[in-house]
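Worksheet: one structure, shown below.
The values are calculated or read from the model by the stated rules, or taken from the named source; none is laboratory data. Here the structure is a predicted model, which means the values were calculated and not measured. Virtual Cβ from ideal backbone geometry, glycine too; neighbours counted across all protein chains shown. Ligands, DNA and RNA are stripped out before the accessible areas are found, and what is left, the full protein with its side chains, is counted by its heavy atoms. Shrake-Rupley method; radii C 1.70, N 1.55, O 1.52, S 1.80 Å.
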Amino acid sequence: MPGIIDGVPPGPRAPMALQTLGMMARQRPYLERLRRRYGNMFSINMLGLGHMVVLADPALIKHTFQADPKTLHAGSRSPLRKVLGENSLLGIDEEQHMEQRKLLLPPFKGQRMKAYEPLIEEIAIAEIERWPEGVEFPTAPWMQRITLRAILRAVFGAEGARLQELEALLPPWTEQGQHLSRFPQIHKDLGPWSPWGRFVRLRAKIDGILDALIDDARRDPQLTERADVLALMVQARREGGGALSNAEIRDQLVTMLAAGHETTAHTLSWAVERLRRQPDVLARLVDEVDAGGRALREATIHEVQRMRPVVSFAGRHTMKPFEVGGYRLPPGVLIGLSAGLTHYDPDLFEHPDRFDPDRFLDTRPGTYSWIPFGGGVRRCIGASFAHMELDVVLRVMLERVTFAPTDAPDEPWKFKGVAWTPAGGGMARITRRAVRSAPPAPPEVAAAA
């Protein structure tokens, strides 16, 4: 085709170590500087990743998300494959990915999300009631406890002693996994004191508990009445009638936890960090929640995810030559679809550095300009669950505490290996609100009770 250039687009010529440092230490300013110089498509060269072609144009992002899964892989070349397991939805491609996605999608659709809301509310209230009053404290640890317990109960169906065991084992496992995903060259078991050795032994303990949960579910006479995702996975059947193996269920469970626990917790911490610096928006949110509304809260969630996407790239690897933006990329190239750049494009979002939830009132974010959950056939399967959880926890916070505003500088971005979190942990200072009692039931309802 005339005009198509074989190879990768231009990019900085600095040594790989300096480019890697720029991405790790000051990613957004570094990428913005490169965009000003090269446009919305350029190449960078990073330790551990090699050449990455960065895309920040919605048309190019759409073209890439809609590409043939045989041409672009997101799983088989992912450093998360060994961390999460070879059956993980984030580590497989093509027909295997579509089969697993089809089996896993039903629990995260439609009215089932409504069934989880009371559970999330109960968990959020229990944690928020323990927040210290009148002192500055980081919200991140509290948010992580909320989202961890929410997934363990709603997704894993864990209760009692097994819930407590998993709550103790999974946080260090996810923390280690985030860091190890950056260094695939050390994914070797050199004994119980080596980083990978510690990691796989911790995973073995987790797998033992998950096997017990799976076996309990298979023997449960009320299995069909359970709402947790594990119960639905145990009942799922392939087109040929086969059930999912324990290994498949385990890998998908830990994937859902790894993808949905800390990312949602970080977004909630960013919400606190942003709203304390926007007292007018915060006051409007409180008035809205007291009136029983939710439109501004919904818009606020979208705006937090625009300004502070906790995962800054969706990745695709070229398995075959792939044409995009006037270039024919060779096999073996990583494509990074940049939420961090796209979300701050002034041609897409007016005054992108301004926190303005009103931009999303009465309008849905663009499918390819707002991409905190990725896109295409690999869009995050738990996006609806995450949004529901963000909405419920933010509502509970607004109902129960008043956040003191602050004029402190914005909290810097801190990279944790996969996700970005506020460096201070989303600092808060609160006073408690008087919790409004529910309105009295109508006479006919009270009489029926």
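Would you check which residues across region 262-287 are open to solvent by 20 Å² or more (accessible area, probe 1.4 Å) and touching a residue at least 60 places away in the same chain (Cβ under 8 Å) and list them?
If the condition is that a residue be open to solvent by 20 Å² or more (accessible area, probe 1.4 Å) and touching a residue at least 60 places away in the same chain (Cβ under 8 Å), then T263, R277, Q278, P279, V286 are the ones that fit.
Could you tell me which numbered condition L230 fails, if it satisfies all but one of (1) modelled with pLDDT under 90; (2) surrounded by 15 or more Cβ atoms within 10 Å (Cβ to Cβ); (3) farther than 30 Å from T20 by Cα?
(1)
Regarding K70, is this residue more than 30 Å from R274 (Cβ to Cβ), part of a helix (DSSP H, G or I), of a type outside the set (A, V, I, L, M, F, W, C) and open to solvent by 30 Å² or more (accessible area, probe 1.4 Å)?
Spelling it out, it is not the case that K70 is more than 30 Å from R274 (Cβ to Cβ), part of a helix (DSSP H, G or I), of a type outside the set (A, V, I, L, M, F, W, C) and open to solvent by 30 Å² or more (accessible area, probe 1.4 Å).
Looking at (1) without any contact (Cβ under 8 Å) to a residue 60 or more places away in the chain; (2) hydrophobic (A, V, I, L, M, F, W, C); (3) open to solvent by less than 60 Å² (accessible area, probe 1.4 Å); (4) not in a strand (DSSP E or B), which one does L31 not meet, given that it meets all the others?
For L31, the exception is condition (1).
In region 174-195, which residues are more than 11 Å from K416 (Cα to Cα), open to solvent by 70 Å² or more (accessible area, probe 1.4 Å) and either among the hydrophobic types (A, V, I, L, M, F, W, C) or outside any loop (DSSP other than H, G, I, E, B) (or both)?
Of everything in region 174-195, those that are more than 11 Å from K416 (Cα to Cα), open to solvent by 70 Å² or more (accessible area, probe 1.4 Å) and either among the hydrophobic types (A, V, I, L, M, F, W, C) or outside any loop (DSSP other than H, G, I, E, B) (or both) turn out to be F183, Q185, I186, L190, W193.
List the number of the failed condition for I92; all other conditions in (1) crowded, with 19+ Cβ neighbours inside 10 Å; (2) among the aliphatic types (A, V, I, L, M); (3) touching a residue at least 24 places away in the same chain (Cβ under 8 Å); (4) closer than 29 Å to Q176 by Cα hold.
Single failed check for I92: (3).
Going by the conditions given, is K82 of a type in the set (K, R) and modelled with pLDDT of 95 or more? Don't jump to the end; show me each part of the working.
On the way: of a type in the set (K, R): yes; modelled with pLDDT of 95 or more: no.
Spelling it out, it is not the case that K82 is of a type in the set (K, R) and modelled with pLDDT of 95 or more.
With the requirement that a residue be polar (S, T, N, Q) and either within 17 Å of G39 (Cα to Cα) or in contact with a helix residue (DSSP H, G or I) (Cβ under 9 Å, 6 or more places away or on another chain) (or both), what does region 2-20 give you?
If the condition is that a residue be polar (S, T, N, Q) and either within 17 Å of G39 (Cα to Cα) or in contact with a helix residue (DSSP H, G or I) (Cβ under 9 Å, 6 or more places away or on another chain) (or both), then Q19 is the only one that fits.
Suppose we keep only residues that are assigned to a helix (DSSP H, G or I), in contact (Cβ under 8 Å) with a residue 40 or more places away in the chain and open to solvent by 10 Å² or more (accessible area, probe 1.4 Å) within region 157-170. Which one would you say is nearest to K109 (Cα to Cα)?
My answer is R162.
Which of the residues spanning region 377-418 are closer than 21 Å to G75 by Cα and buried (at least 20 other Cβ atoms within 10 Å of the Cβ)?
Across region 377-418, the qualifying residues are R378, C380, I381, G382, V418.
Can you run down the residue pairs with Cβ atoms below 6 Å, 6 or more apart or on separate chains, where the first is in region 347-368 and more than 29 Å from A67 (Cα to Cα) and the partner is open to solvent by 60 Å² or more (accessible area, probe 1.4 Å) and among the small types (G, A, S)?
If the second residue must be open to solvent by 60 Å² or more (accessible area, probe 1.4 Å) and among the small types (G, A, S), no pairs are left.
Any chance region 41-60 includes a residue that's of a type in the set (F, W, Y), surrounded by 20 or more Cβ atoms within 10 Å (Cβ to Cβ) and over 22 Å from the mean Cα position of the chain (by Cα)?
There is at least one residue in region 41-60 that is of a type in the set (F, W, Y), surrounded by 20 or more Cβ atoms within 10 Å (Cβ to Cβ) and over 22 Å from the mean Cα position of the chain (by Cα).
Can you tell me which residue among S76, S88 is out of contact with any Ser or Thr (no Cβ under 6 Å at 6 or more places or on another chain), among the hydroxyl-bearing types (S, T, Y) and modelled with pLDDT under 95? Write out each step before concluding.
Details: S88 fails: out of contact with any Ser or Thr (no Cβ under 6 Å at 6 or more places or on another chain).
Criteria check complete, one pass: S76.
Regarding region 435-442, can at least one residue be identified that is of a type outside the set (V, I, T), touching a Ser or Thr at 6+ places or on another chain (Cβ under 7 Å), open to solvent by 40 Å² or more (accessible area, probe 1.4 Å) and without any contact (Cβ under 8 Å) to a residue 24 or more places away in the chain?
There is no residue in region 435-442 that is of a type outside the set (V, I, T), touching a Ser or Thr at 6+ places or on another chain (Cβ under 7 Å), open to solvent by 40 Å² or more (accessible area, probe 1.4 Å) and without any contact (Cβ under 8 Å) to a residue 24 or more places away in the chain.
Of everything in region 19-40 that's modelled with pLDDT under 95 and hydrophobic (A, V, I, L, M, F, W, C), which residue is farthest from H343 (Cα to Cα)?
Taking the candidates together, the pick is L21.
Would you mind telling me which numbered condition in (1) part of a helix (DSSP H, G or I); (2) over 18 Å from M319 (Cα atoms) E86 fails?
(1)
Of all the strands (runs of 3 or more DSSP E) wholly in region 232-351, which have at least 3 residues that are over 26 Å from the mean Cα position of the chain (by Cα)?
It comes to 322-324, 327-329.
What is the residue count in region 122-156 for residues that are surrounded by fewer than 22 Cβ atoms within 10 Å (Cβ to Cβ), more than 24 Å from A404 (Cβ to Cβ) and out of contact with any Asp or Glu (no Cβ under 8 Å at 6 or more places or on another chain)?
1
Look at region 75-89 and say how many of its residues are open to solvent by 10 Å² or more (accessible area, probe 1.4 Å), within 19 Å of F373 (Cβ to Cβ) and of a type in the set (S, T, Y).
Residues meeting the conditions: 1.
Could you tell me which numbered condition H317 fails, if it satisfies all but one of (1) in contact with a strand residue (DSSP E or B) (Cβ under 9 Å, 6 or more places away or on another chain); (2) buried (at least 18 other Cβ atoms within 10 Å of the Cβ); (3) farther than 18 Å from V54 by Cβ?
So the condition that H317 fails would be (3).
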